[in-house]
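Encoded as structure tokens, the structure appears first; notes follow it.
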Amino acid sequence: RFIRQLKSEGFLDEHADALRVVRRGSLLQRWRAAHLRSSPEWPMKWVIRGNPENQLEKLLQSAAPDSVGVVEDKRESHRWPRMCLGYFAAAEQLGFGFVHGIKPHVYVDHFDSPVLQQLGLAPVQAEAAPDVIIKIPMAPQAVFRAVVWRHGIPVADILQVWLDVANHPARGEAQAAEIERR
């Protein structure tokens, strides 16, 4: 279905022996426009204060494939969320860092109070600055199936990072242009 749609809209080379995408710029612009609808995000703080970078690294390392599963609690059991680093922090981890000073975004496939408690996070009060932004992706399968592991932590792939930052108000255009250039 996807290939048929690409063909009908003129994004595949009709004369190539194998699938070959043409008009890449137009296709990426359409993809970017479709991604304009933002998914929910929540600013969070670490419950126990420490070095935010170390805490973030530990949190993401807990997403290792062998640690994902059901967490038993005395009151109930719940599924540990899939998660990965996103946006500008992911660009940095992938070696494409260009914009600094933006709070790290972490994609999670779900969360509720017990999961937040397990993650060691709490919602930020209106006047406080967050340590991390939690975000549920619009297309979780696309995000989590393409995860890249860097230094023991899951990171969104470079195409997802490009999509995420391209429309971000904090120098997102510049970061997206750097990714495209490289």
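The values are calculated or read from the model by the stated rules, or taken from the named source; none is laboratory data. Owing to the predicted nature of the structure, the values given are computational and were not obtained by experimental measurement. We place every Cβ from the backbone using ideal geometry, glycine too, and count neighbours over all the protein chains shown. Calculation scope for accessible area: heavy atoms of the full protein, side chains included, ligands and nucleic acids excluded. Shrake-Rupley method; radii C 1.70, N 1.55, O 1.52, S 1.80 Å.
Dividing the convex hull volume of the alpha carbon atoms of the chain by its residue count gives 152 Å³ per residue. A 1.4 Å probe run over the chain, with the rest of the protein chains in place, finds 60 Å² accessible per residue.
Packing around the peptides 6-14, 123-131, taken as the average count of other Cβ atoms within 10 Å per residue, puts them in this order, highest first: 6-14, 123-131. Basic side chains Lys and Arg get +1 at the Cβ, acidic Asp and Glu get -1 at the Cβ, and with that the dipole of the chain about its Cα centre reaches some 380 debye. In this rough spin-label picture, where each label sits 7 Å from Cα along the Cβ direction, the residue 42-residue 159 distance is 3.0 nm.
Share of carbon and sulfur in the accessible area of the chain stands at 53%, probe radius 1.4 Å. Electrostatic bookkeeping for residue 104 treats Lys and Arg as +1 and Asp and Glu as -1; over the other residues with beta carbon under 11 Å from its beta carbon, the sum is -2. Taking the Cβ of residue 6 as the centre, find all other residues whose Cβ is under 13 Å away and add up their charges (Lys, Arg: +1; Asp, Glu: -1). Around residue 6, the charge tally is +4. Helix content alone sets the calculated 222 nm mean residue ellipticity of the chain: runs of n ≥ 4 DSSP H residues at -39500 (n - 2.57) each, divided across all residues, give -10000 deg cm²/dmol.
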